[in-house]
Structures are given as structure tokens and as C-alpha cells.
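J.: The structure's right below; bear with me while I get my questions together.
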Amino acid sequence: MADETRDLRDVLTGVLLAGLGLAVAGYALATYRLGTPAAMGPGFFPTMLGGVLAALGAAIGLAAWRRTRPEAAPQPKPRAMLAVTAGILAFALTVRALGFVPSAFLLVLCVGMADATNHLPRLLLLGAALTLLSWAIFVFGLGMPLSAFNL
Amino acid sequence: MDLLTAFTDHLSLGLSEALAPMNLWYCFLGVFLGTLVGVLPGLGALITISLLLPFTYQLPVEGALIMLAGVYFGADFGGGTCSILLGVPGHPAAAVDVLDGYPMAKKGRGGVALFIKSVASAWGSIFGILLLMLFAPLLARFARQFSPVEYTALMALGLVAAATVGRGSMLKGLATMVIGLIIATVGTDVNTGFQRFTFGLTGLSDGISLIALAMGLFAVTEVITSAGQKSVSPVKASYRLRDQLPSRGEWRRVWPAMLRGSGLGALFGALPGTSGGMATFMSYAVEKKLSRHPEEFGHGAVEGLAAPEACNNAGIGTAMIPSLTLGIPGDAVMALLLAAMMLHGIQPGPLVMVMEPQLFWGLIASFWIGTVFLLILNIPLIGVWVRLLQIPYPLLFPGIVLFTCIGVYSTAHSTFDLYLVLLFGLFGYLLHLLRLDVVPLVLGVILGQPFEENLRRSLLLSDGDFSVFVTRPISLAAVALVAVILAFSIRRALRAST
């Protein structure tokens, strides 16, 4: 099968880049005044960049389509992605409502899940230690105006 | 002007500034934190500087820059330690240390390998910074006559060179660089006051927060990519000073290699985009070619460790010549240092040296002081750092994300920036999966606004005539180089596809 030997990851890369380039150029053309080279409007530079990106994306995609040996590609790690996303979201959503201490603790618990070897007792301990440490450094040491609890 | 008097004037001015107690403290803190993070596998100068950027707001500008530059040098030293003892590169530029440093460590000569690495790095730094002090004023004087046309062409050269010299496909490097330029257009257009790509979000009207971008792309992405990987344990070695000293025969092989390495590094560092990985491997190849014992390379040849280390550090020094005098960064770390300058309201460029001589020469003198601190930290105290290598990574990364979030939140108490960090972290991870390098992107973001600004002014002055870029000698040379690099990358892409 010819398709199996194609570098599909890079074909996808090319398509995504070209799509992004076209979207930027199209949006800039549609919304901002283009102007002339001597008196550029706000749309000139973004339209130009979008065009260049679309061309580069097309070149990358085409070259990959014609290539026969795919290069090794990293595999996605949904566990790590989810854990880190959950951790940052938890911090962003709770730091005002609950205060720094519970928020930092939640972040460490969530992010720690990214690694399967981190079991719950260890995470609880790590959460407590890091919360205490960061409280000591940033609030006590550097005097940042963060409140510990807003309960 | 007499080069030597100018040099001694600048040196004494710089030293008087850098030796001020507060600045000494920031310098020490920088190299200490840099070494600390550098020895931990996978964490390098980029993450540390990104993490520290928000905290430098409160510091005076000299202190902030001295500390961040110290982190740069410190992380470089620490990265080498990690390469030698774990066989895993602490950062890309230290990858070459694995080739001969790790075999030495496995033979029980880890202490000697670390000692040679520290001495070679220190020599490289001292030499590179000496060249920086000599040549930066000359280039700056020259650069003060540049018009927007020269700046536009030189920035284009810097961007294209940095985007294509890195690892992987040249076309991909160019593509991420263009994405960076596009990200830089987000916010209020300086010329017309127009809001571009803000989609009605007030948090974006001042442009994308550079701190959030750097933290997302470097710290968060790094955590996602490295989570779940197995920890490696370091090779045991003796770190008493007596056991670290190389034998007389080894010395005789080390010092000429150091000289050659630093010369090559200085040469390459001054060219845009070539610092770091490429020059060190070239220096390694040169040593292997010249050696009377090429069969020892890869099994613990001391030259193969000393020359690339000296090369790397000399290159850091000379790479700062265009970065500090023209304001055109050669790599991502320099881009972040220039960003720190801009956060403190100083526009990087040839005028910094004239308007802020104390800051400029104080910063450069602090590099030498930092090197002395690093020798103290890395030779007698090396055993302390080695123990740090044993911290398992699963315990480390939640702390990185926590410090990232605290840092970003503390700058403006805005949760909007936290969402930006998350967004850029995931975006960086997507780029990683697509095998796209983020470094050119950051250079694009930093240079985007000045590049657009100078391009507009050039064409305004020439009344829209693009030939202005090829009728002035310096600009013509830069444009010709850009054309050569582009032609070369297109040819390589075509050849790879058949």
C-alpha cells in the first residue's frame, strides 16, 4: 500500500499550517484596511504573513505527500494533557473564590496525575509540601498579596 | 579611538556596577538558580528564565538582567553535569557532552569529566565575553547610522537564519517563525490604533502577554511532553577535589582543544542562528579529525569533552554581540533577555550602550563575575548538585506548573493570563506532536513588532519602492544572504521528498 509509507503526520502538519495561513490572510483581508506599500494599513502585514504561511504549509504538505519513508513521530499523551489542563483550570477557577492554599493544593493533585506512578498518598503529601513551600517563598518571602483562604 | 583605553574604561565602569553588593547578590542568585535547574534533566535556561520573568518586575532593571543572564550561564553549566552523569542531555547544546563525558563517568572518572567541563566552559565564557567587550562598541557605532531599511533587512536575516539552522526541516522552522510574527500582530496596531485579532477581548488589546506565552510554550509544554518518562539514575563517582584533577598527560591534551574549541565557537557564535548545537558538533568533529587517537572518541576522549564545551560558551559570548548591540536576538534565551529589557521599558538596540552605559557594561562585567561564581559552585560543591540529580521527575513537574501559575497570576492578578498559559501550553504540545520547533516562533514574536515597524517606515521613505532593500550595501548583503538560505532550504526540501 502506497498510503502506508506516506508521511501522513507531515501531510497533516502542512494542511493545518496552510489552513491557519489562509484563515489569517482571509480574516485580515475581510476586516482590516490593506493600504498600499507606501502607506500600509493595519491589514497589510498580517495578510502578507498569512499568505507566506499558507505557501510554506502547502510546500511542507506536498513534500511529505511525495516522501516515502515517514520519520518517527511522538505519540500523543492524553493522560498528561488532561492532567495539566485540569490542574491549570482548577487553579484559575478557584484562586479567587477559595484562596491560594486550596487552589495550589488542587493544582498539584491534578497535575500529579499526569504520571501513572504517582499514587494518591504520595500526591497528598506532595500537594501539602509544595503548597507550604510556595506559600513560604511567594507570600511570606516575597510578600505577594495573595490570601491563603477565602472560605 | 584607542581600542585598549576604551576597553579598560568599559571594564572598570562595568565592574564598579557589577560589584555593587546588590548586583553581586543577584548575580549569585542567578547562577545558583540556573545551576539548580540546569542539573535537573529536561529543565534548562528557557524554562527557568520564563519562570523568573514575572518576578523580575519588582527588581531594578540591572539586577533583573544580571540575574537572568546568570541563569543562562548557570543552566549551561548544570546541563553539562546532567549530560555527563546521566547520559541524557540537560539541554540541546549539552548533547555533545554525552558522547565522551558519559563514557568517562562510566569508567569511574566522572569527577575528572566534570572538572574538565567546568574549566573548559569557564575559559570559553571568559574568551567569548572578552570579544564581546572589544567588538560590541565597534558594531554599535556602526549600527547607529543604520536606517529602517538596514534594520528590516538585518531582522529578516536574523529571523530566517534562526528559523532554518535549528533541528529538523528548514521549511518547518520558517513556518513556525511566521506563526510567531502573526502572534506579534495581535493587539493594538501602533501606527493606526486599530485592534487586530483581539476578537473583542480586552485582555488582548495590549498584545499577547509575553510572559504567558513563554511560560506556556516552555514550561507547560515541557511538563506534558516529559510526564511519564522513566527517571535515569546518575553514575556514581568520587567528588573529592583530589579525584577531580586530570592527570598531566590529560592536561596536555585538554588545553589546546580548549583553545581550538573557543576559537571555532567565537567565530560561529557571531553568525546569526548558529549558536548552540551545530557549532559544538562541528568542534567535536574537528577534534576527532586532528587527534592522534581518533579511536578514543566516543569512549572518553578528553578533547571531545573540552573542545565543544569551550566552543559552546565562547559562542554564547559572541552571539551576544549582535543581540545586545542591534537588538536582534540569535536564540530563544537571548530573545527572552531582550524581552526582560523591554518589560523594564528599555528598547534593545545600539543606543542602550550610550543611554545606559552602566547597565550595559555592568551586565557584561557580571558575566565574568558569574563565571567565577560558577567555578566555585561547580568544582568544590559539585557533590551537592549530583545529589539533586536523584530527585525523581514525577515529584518535580507539579511544582513547575504551580510556580508557573503563581508567577503569571502575580503579575497582574488576572486569570485571563492563566488561560493564555494553558492555551499556549497545549498549542506548544500540538507543535511538538507535529514535530515543529517552538524556538523560531518565540523569535518571531519578539521581533514581530519592530520588524513590521521598520518595514513600514522603509517603504514609507521609499514611497512604496521595494528596490530600496537592494540599493544600499548592508541591506543588499543581508537580503542576498536571506535569498541564499531560502534557496538552499527549498532545494533541500525538494531533495528530501524524492
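Quick note: the coordinates plus some simple rules give every number you see, no bench work behind them. Model, not experiment: these values are computed from the prediction. Backbone-built Cβ (ideal geometry, glycine too); neighbour counts: all protein chains shown.
J.: Taking 7 Å along the Cα-to-C-beta vector as the label spot, tell me the residue B:470-residue A:12 distance in nanometres, rounded to one decimal.
T.: My value for the distance between the label points is 4.1 nm.
J.: Moving on to the next point. Normalised by the residues of chain B, what does the relative contact order come to in percent, with Cα pairs under 8 Å and at least six apart?
T.: 28
J.: Residues of region B:62-80 with the amide nitrogen closer than 20 Å to a label point 7 Å from the Cα of residue B:344, along Cα-to-Cβ, please.
T.: Once the point is set 7 Å along Cα→Cβ of residue B:344, B:62-75 turn out to lie under 20 Å by backbone N, inside region B:62-80.
J.: Take every residue in peptide A:30-41, count the Cβ atoms of other chains within 10 Å of its Cβ, and give the average of those counts.
T.: Per residue, the number of nearby Cβ atoms from other chains is 5 on average.
J.: Can you list the HN-Hα couplings for region A:109-122, worked out from phi with the Karplus curve (6.51, -1.76, 1.60; θ = phi - 60°), rounded to whole Hz and with x for Gly and Pro?
T.: 4, 5, 5, x, 5, 4, 9, 5, 7, 7, 8, 4, x, 5
J.: Moving on to the next point. Taking a quarter of the surface of the Cα convex hull of region B:368-498, what do you get in nm²?
T.: Mean shadow area of the hull around the Cα atoms is 15.8 nm².
J.: With each label point set 7 Å from Cα along the Cα-Cβ vector, what nm distance links residue A:136 and residue B:267?
T.: The two pseudo-label positions are separated by 5.2 nm.
J.: Please compute the Kirkwood hydrodynamic radius of chain B from all pairs of different C-alpha atoms, in Å with one decimal.
T.: Kirkwood radius, chain B: 23.1 Å.
J.: Can you figure out the FRET efficiency of residue A:73 with residue A:129, using R₀ = 25 Å and their beta-carbon distance, to the nearest 0.05?
T.: Efficiency at R0 = 25 Å is approximately 0.10.
J.: For region B:210-223, in order, what is each residue's ³J(HN,Hα) by Karplus, 6.51 cos²θ - 1.76 cosθ + 1.60 with θ = phi - 60°, in whole Hz (x at glycine and Pro)?
T.: Each residue of region B:210-223 in turn: 5, 5, 4, 5, 5, 5, x, 5, 9, 6, 5, 4, 4, 4 Hz.
J.: Continuing with this model, one more query. What average number of partner chain Cβ atoms lie no more than 10 Å from the Cβ of the residues making up A:18-28?
T.: Average neighbour count from other chains, rounded to a whole number: 2.
J.: Long-range amide H contacts for residue B:196: which residues qualify at under 5 Å (H placed 1.01 Å from N, peptide plane, sequence gap of 5 or more or a different chain)?
T.: Residues meeting the criterion, in which the H sits 1.01 Å from N, are B:187, B:188, B:189.
J.: Could you tell me what a quarter of the Cα convex hull surface of region B:7-71 works out to, in nm² with one decimal place? Each step should come with its number before you reach the end.
T.: Values: hull surface 19.0 nm².
Averaged projected area of region B:7-71's Cα convex hull equals 4.7 nm².
J.: Further, regarding this structure: What number results when the radius of gyration of region A:78-141, computed over Cα atoms, is divided by 2.2 N^0.38 Å?
T.: 1.10
J.: Would you mind checking region B:275-309 for residues with the amide N under 15 Å from a putative spin-label position 7 Å along Cα→C-beta of residue B:107?
T.: Taking a point 7 Å out along Cα→Cβ of residue B:107, the residues of region B:275-309 whose backbone N falls under 15 Å are B:292-306.
J.: What FRET efficiency do you get for residue A:117 and residue B:463 if R0 is 60 Å and r is their Cβ-Cβ distance, rounded to the nearest 0.05?
T.: Using R0 = 60 Å, I get an efficiency of 0.35.
J.: According to a simple spin-label model (label point 7 Å from Cα along Cα-to-Cβ), what is the distance in nm between residue B:488 and residue B:194?
T.: 3.7
J.: Evaluate peptide B:460-470: per residue, the Cβ atoms of other protein chains within 10 Å of its Cβ; return the mean as an integer.
T.: 2
J.: Please state the equivalent ellipsoid semi-axes for chain A: what are the square roots of 5 times the Cα gyration tensor eigenvalues, largest first, in whole Å?
T.: 44, 28, 11
J.: At a Cα cut-off below 19 Å, give the lysines reachable from residue B:236, other chains included and same-chain residues fewer than 8 away excluded.
T.: By straight Cα distance, residue B:236 reaches B:106, B:107, B:117.
J.: Moving on. Could you line up B:411, B:325 from fewest to most neighbouring Cβ atoms inside 10 Å?
T.: Numbers: B:411 16, B:325 26.
Ascending number of Cβ neighbours within 10 Å: B:411, B:325.
J.: Now for a different question. Would you please put B:206-215, A:14-23 in order of how densely packed they are, using the mean number of other Cβ atoms within 10 angstrom per residue and starting with the highest?
T.: The peptides rank, most packed first, as B:206-215, A:14-23.
J.: Applying 1/(1 + (r/R0)^6) with R0 = 51 Å to the Cβ-Cβ distance of residue B:355 and residue B:281, what FRET efficiency is obtained, to the nearest 0.05?
T.: 0.85
J.: A further question follows. Quick one: grab the alpha carbon gyration tensor of the protein assembly as shown, order the square roots of its eigenvalues as a ≥ b ≥ c, and give me rounded if a/c is under 1.5, else prolate or oblate depending on whether a/b is larger than b/c.
T.: Because its axes are fairly even, with a/c under 1.5, the protein assembly as shown counts as rounded.
J.: Another question about this same structure. Kindly identify region A:2-66 as rounded, prolate or oblate by the Cα gyration tensor criterion: order the square roots of the eigenvalues as a ≥ b ≥ c, call it rounded if a/c is under 1.5, otherwise compare a/b with b/c, prolate if a/b is larger, else oblate.
T.: Details: a/c = 5.92, a/b = 3.27, b/c = 1.81.
Prolate shape, in that a/c is at least 1.5 and a/b is the bigger ratio.
J.: Going by Cα centres, region B:171-211 and region A:82-151 are how many Å apart?
T.: Using only Cα atoms, the two centres lie 31 Å from each other.
J.: Then there's this: Please report the spacing between the Cα centers of region B:391-422 and region B:59-74 in Å, no decimals.
T.: 21
J.: With θ set to phi - 60° and the Karplus curve 6.51 cos²θ - 1.76 cosθ + 1.60, what are the ³J(HN,Hα) couplings of region B:319-332 in order, to the nearest whole Hz, using x for Gly and Pro?
T.: Couplings: 5, 6, 4, x, 5, 7, 8, 9, x, 10, x, x, 8, 5 Hz.
J.: Using the count of nearby Cβ atoms within 10 Å as a rough guide to exposure, how do B:67, B:258 rank from fewest to most?
T.: Values: B:67 28, B:258 25.
Taking fewest neighbouring Cβ atoms as first place, the list is B:258, B:67.
J.: With no solvent and one equal point scatterer per Cα, compute the Debye intensity ratio I(q)/I(0) for region B:241-336 at 0.13 Å⁻¹ and report its log10, rounded to two decimals.
T.: So the normalised log intensities work out to -0.48.
J.: Next question, about the same structure. I'd like the distance between the alpha-carbon centres of region B:81-136 and region A:30-56, rounded to an integer number of Å.
T.: 46
J.: Arrange B:476, B:459 by Cβ neighbour counts within 10 Å, fewest through most, would you?
T.: Fewest-to-most Cβ neighbours within 10 Å comes out as B:476, B:459.
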